[in-house]
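All remarks here apply to the structure that follows.
The values are calculated or read from the model by the stated rules, or taken from the named source; none is laboratory data. If you're wondering where the values come from, they're calculated on a predicted model, not measured in any experiment. Cβ coordinates were reconstructed from backbone atoms using ideal geometry, including for glycine residues, and neighbour counts include every protein chain displayed. We work out accessible area using only protein heavy atoms, side chains counted, and drop any ligands, DNA or RNA first. Shrake-Rupley method; radii C 1.70, N 1.55, O 1.52, S 1.80 Å.
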Amino acid sequence: QKEVEQDPGPLSVPEGAIVSLNCTYSNSAFQYFMWYRQYSRKGPELLMYTYSSGNKEDGRFTAQVDKSSKYISLFIRDSQPSDSATYLCAMKNAGGTSYGKLTFGQGTILTVHP
Amino acid sequence: DTGVSQDPRHKITKRGQNVTFRCDPISEHNRLYWYRQTLGQGPEFLTYFQNEAQLEKSRLLSDRFSAERPKGSFSTLEIQRTEQGDSAMYLCASSLAGLRTDTQYFGPGTRLTVL
């Protein structure tokens, strides 16, 4: 079983829809939670960064972390065609020897059609 | 452009050949990471450096893989005796240790195809 599970989709929504993406994880040592966006044949680009449980909002994006359920979410409001990409969740420990290592989900492919 | 750069962007090689990739991190960043990403999967951690010290290496990294960061600036990743299973995107990232977030910024990747 993978440490981080993410539904690969693909997910197709109309422009303006609210998109919900999520990941579950099994390692209770994870303390930092990130969402990256990756366009085809490009490197991942950081969207959101959250420490421990709670919500964080940045423009049209909201990240939620529920450590008790080992579940994280990313919501995209008023989705645009330019949001079409692969969305990757990533996590890391707070310290210890594996502090630097990010563990990624499989990625969810999102298409927003006009 | 002051982001992470990688060279080459694409590499096609024959099975059994050696290949070397280069990564130039963001200039003030002291941590440098290598990941591998295969089609339809998220990036997998390979190794990381703080300055010139290699602090962690994944068990996935066979003896054919070696990484260096000799002066704590750029890094190279070498794959010896390439196999078809090595075909993947090799991603480099860098970060500044000491900050709470220690955000990793990724380069565009080097796409390796082993024939």
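Restricting to the range A:57-89, count the residues that are in contact with a Pro (Cβ under 8 Å, 6 or more places away or on another chain) and within 14 Å of A:Phe33 (Cα to Cα).
The qualifying residues number 1.
Find all pairs meeting these conditions: Cβ atoms under 8 angstrom apart; at least six residues apart or on different chains; first residue within the range A:60-74 and of a type in the set (Lys, Arg); second residue modelled with pLDDT of 95 or more and crowded, with 19+ Cβ neighbours inside 10 Å.
So the pair list comes out as A:Arg60/A:Ile76; A:Arg60/A:Ser79; A:Lys70/A:Tyr25.
Which one of A:Ile18, A:Ile76, A:Ile72 is at pLDDT 95 or above, surrounded by fewer than 13 Cβ atoms within 10 Å (Cβ to Cβ) and more than 23 Å from B:Ala88 (Cα to Cα)?
Result: A:Ile18 is the single residue among A:Ile18, A:Ile76, A:Ile72 that is at pLDDT 95 or above, surrounded by fewer than 13 Cβ atoms within 10 Å (Cβ to Cβ) and more than 23 Å from B:Ala88 (Cα to Cα).
Please go through the range B:31-72 and give me each residue that is out of contact with any Phe, Trp or Tyr (no Cβ under 9 Å at 6 or more places or on another chain), within 21 Å of B:Thr103 (Cβ to Cβ) and surrounded by 15 or more Cβ atoms within 10 Å (Cβ to Cβ), ordered by number.
Passing the criteria: only B:Gln50.
Sort through B:Gly72, B:Gly109 and tell me the only one that's on the phi > 0 side of the Ramachandran plot, within 11 Å of the chain's Cα centre (by Cα) and not β-branched (Val, Ile, Thr).
None of the others qualify; the one that does is B:Gly109.
Scan the range A:49-59 for residues that are away from chain B (no Cβ under 11 Å) and either open to solvent by 50 Å² or more (accessible area, probe 1.4 Å) or among the aliphatic types (A, V, I, L, M) (or both) and report the count.
Result for the range A:49-59: 6.
Just to be sure I understand, how many residues within the range A:79-114 are at pLDDT 95 or above and among the aromatic types (Phe, Trp, Tyr)?
2
Cβ-Cβ under 7 Å, sequence separation 6+ or interchain: first residue in the range A:29-55 and within 21 Å of B:Met89 (Cα to Cα), partner open to solvent by 10 Å² or more (accessible area, probe 1.4 Å) and in a loop (DSSP other than H, G, I, E, B). Which pairs?
A:Lys42/B:Pro108; A:Gly43/B:Pro108; A:Leu46/B:Thr103
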